[in-house]
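Everything on this sheet refers to the single structure shown next.
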Amino acid sequence: KKMKSLCSCSVQSLITSLLAFFPIIKVVTSYRLKFIVNDVLAGLSAGFIHLPLGLGLGLLASLQPVYGLYTSFYPVLLYLVFGTSPHISMGTNALFAVLTASIVEREAEIFQSGIVASNLSNSDVNSTMTAEVILEYKVDVAMAVTFLAGAILLVMGFLRLGFLTSYLSVSFIGGFTTASAVHIATSQIGKMLNIKIRPYAGAGKLVKTYIDIFSRIASTNLGDLFVALVSMFILLGVKIGINERFKAKLKIPIPIDLILVIVSTMISYFANFQDNYGVAIVGNVPTGMPAPRLPNLEIIPRVATDGFVIAILVFALTIAMAKLMARLNDYEINDNQELIAYGMSNFISSFFLCFPSCTAPPRTMILQSLGSKTTLNGIVSAIFILIILLAAGPLFASLPVAVLAAMIVVAMKNLLLQLLNLPGIWRVSKPDFIIWLATFLVGVLVDLDIGIVVGVSVSILSIILQNQLSRGYTVSLPDGEQIFLDKSYKTAADDLPRVRIFTFQSQLYFVNAERFKKLLYKNVFNPKSLKSCKEIATSDAEVKSGNEAPDHEAPPKDEGEIIQYIILDCVYMTYIDLSGVNILKQIISEYDHVGVSIYLTRLPRSTLNTLERSALFSDFDRSNVFYDIYDAL
């Protein structure tokens, strides 16, 4: 019946589906003229951030600045058609630029080695690999990764898999983004010093990079170093000393990145930095728009894992920012439609020489601070970038590369400062601390892709261990109270006469079924150790909770108390599998042999249904199941 209702079609449902797939239709039809000022200002300010980031991250992606501008144009247009958040501006992102660089450098090295091998057997092949040929292949690789990531996001959107981000913990994302910031900052050191650093790939590449940097540091160009240091001083001074300090008074934050790009370009041009001081500059920035072309599909099998990882990270990081904005501004977003929007932004832009795109916190925060009302703010941002691409690009030919490198390093400030959160994470949750630290250390010392695998693996392992180490304890009812307390509490009373109440803080399945039985026997008594089936004597030692509870396997004392009933509080058993059912049957049987009755209380509906289907009640009296502990008592 449910499938039939989902497959039914009508004119109304068709219109509803069309409007949901193209949110821009609803935005345009319901647009109010009073929104124009906010959207124009917000879109233009976001464009001011797109420009310097696009130029810098194009280089960071091991491509050219113009490819960063392409990635700052097409995804913006595509998101405003398919997206639902007015505070998301798709485009370049430092994390995905460095991931792209890692992938294209790896594949370019394989490509070059293949050509070299071919030259050895074919003398007609030119052995000189030009930079243009290598760059063209890198662009093909970046397009293939973007194409694959977009396709994966689209499939996830159509399959309504938006819930998958819940498996990426906050600690994992924090450790991973901080490790990424270290990689990103490291990749810019060579540009700030104007020394040639060999691109490394694979495990330990960051360590190898620093060894290379220190071995060549004597070749530093003082002109580039001076430009980088002055740029960082200006950027930090304005961003911290003015924008952050006076953000409540400033209607629009000072676009210091854009100002620095324009001013440094002018100074570099008129002072002829390149010839007089040997300062590296951006060089020619091509004008015009690229002709669309099909990505090289032969590359896709080699970058399949990379494409999947990038797709998940694009969704996780962008939806996290979108949900934050939705909560702050009191509106709703559709996770699955956002998946489609991110997919379209990457899938279609891959035909226009773009590398993977994502939102970036600076752009989101500027849209938020200027009160963007609709996704149409992206039109203004796109027009600004289009003007740069069609006409103004060559004006930035004299821009020092060290300025862009300094901008990228400064942009990593907040991510690197996440290291200061570690003491607080340790105090709150030890497993989260381990996840964060493991992801960060492996990401830094080995590589980011391995860091992802380790981070997710440790996250899953922590869940397993927490279930494996679940607590089980007896509870008591203090005199004059109506609540049951763990016996480890100081205010807890003695056990009730003839009754023990046992709570297990976990689901009951194959991972912890044996632990459940072990804790029950430790906290109450082990029925296998008794010789008499008539009277059950227990020592009057204090019962403690967890693993430290004493084993009651010694012969019972004649003067001891008789236990006749055990109440199992099942409130935490939201799931039970066949192993859990079997362990329950075993416990019920063993206690029954020594004359002790078992009562089940507070069973969740799904768990009770499983027990009914498992034929547990063919051997266990159904009347021994109660809604609450008081009913059982």
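If you go through segment 423-448 and keep only what is among the charged types (D, E, K, R), in a helix (DSSP H, G or I) and open to solvent by less than 70 Å² (accessible area, probe 1.4 Å), you end up with just 432.
When you look at residue 355, is it at negative phi, assigned by the TED database to the domain that holds residue 389 and buried (at least 19 other Cβ atoms within 10 Å of the Cβ), yes or no? So residue 355 fits the description; yes. Only one entry of 551, 577, 569, 540 meets the criterion of being among the acidic types (Asp, Glu), modelled with pLDDT of 90 or more and closer than 19 Å to residue 501 by Cα, and that entry is 569.
When the helices (runs of 4 or more DSSP H) confined to segment 287-382 are screened for residues that are at pLDDT below 90 and hydrophobic (A, V, I, L, M, F, W, C), those reaching at least 3 such residues are found at 304-329, 361-369. The number of residues in segment 358-392 that are under 24 Å from the mean Cα position of the chain (by Cα) and open to solvent by 20 Å² or more (accessible area, probe 1.4 Å) comes to 4. The residue that is surrounded by the fewest Cβ atoms within 10 Å (Cβ to Cβ), among those in segment 134-168 that are among the aliphatic types (A, V, I, L, M) and modelled with pLDDT under 85, is 164.
Within segment 592-620, being open to solvent by 80 Å² or more (accessible area, probe 1.4 Å), modelled with pLDDT of 90 or more and assigned to a loop (DSSP other than H, G, I, E, B) holds for one residue alone: 602.
Residue 253: touching a residue at least 24 places away in the same chain (Cβ under 8 Å) and surrounded by 15 or more Cβ atoms within 10 Å (Cβ to Cβ), yes or no?
So residue 253 fits the description; yes.
Residues in segment 254-286 that are in contact with a Ser or Thr (Cβ under 8 Å, 6 or more places away or on another chain) and over 27 Å from residue 42 (Cα atoms) were compared, and the one that is modelled with the lowest pLDDT is 282. Scanning segment 43-59 for residues that are out of contact with any Asp or Glu (no Cβ under 8 Å at 6 or more places or on another chain) and open to solvent by 10 Å² or more (accessible area, probe 1.4 Å) yields 44, 45, 59.
One line per residue, one yes/no per condition, for (1) in contact with a Leu (Cβ under 7 Å, 6 or more places away or on another chain); (2) among the small types (Gly, Ala, Ser):
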position	(1), (2)
326	no, yes
329	no, no
332	no, no
336	no, no
342	yes, no
376	yes, no
379	yes, no
391	no, yes
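Residues that are of a type in the set (S, T, N, Q) and modelled with pLDDT of 85 or more were ranked within segment 15-37; the one that is most open to solvent (accessible area, probe 1.4 Å) is 29. Assess whether residue 82 counts as being under 23 Å from the mean Cα position of the chain (by Cα) and of a type in the set (A, V, I, L, M, F, W, C). Yes, satisfied.
Among the residues of segment 1-14, those identified as assigned to a helix (DSSP H, G or I) and either acidic (Asp, Glu) or exposed (fewer than 10 other Cβ atoms within 10 Å of the Cβ) (or both) are 2, 3, 4, 5, 6, 7, 11, 12. In the set (1) open to solvent by less than 60 Å² (accessible area, probe 1.4 Å); (2) part of a loop (DSSP other than H, G, I, E, B); (3) at pLDDT 90 or above, residue 589 fails one condition alone, (2).
The values are calculated or read from the model by the stated rules, or taken from the named source; none is laboratory data. Quantities reported herein were computed from a predicted structural model and do not represent experimental measurements. Reconstructed Cβ throughout: ideal geometry from the backbone, glycine too, with neighbour counts over all protein chains shown. Accessible surface is based on the protein model in full, side chains and every heavy atom, while ligands, DNA and RNA are left aside. Shrake-Rupley method; radii C 1.70, N 1.55, O 1.52, S 1.80 Å.
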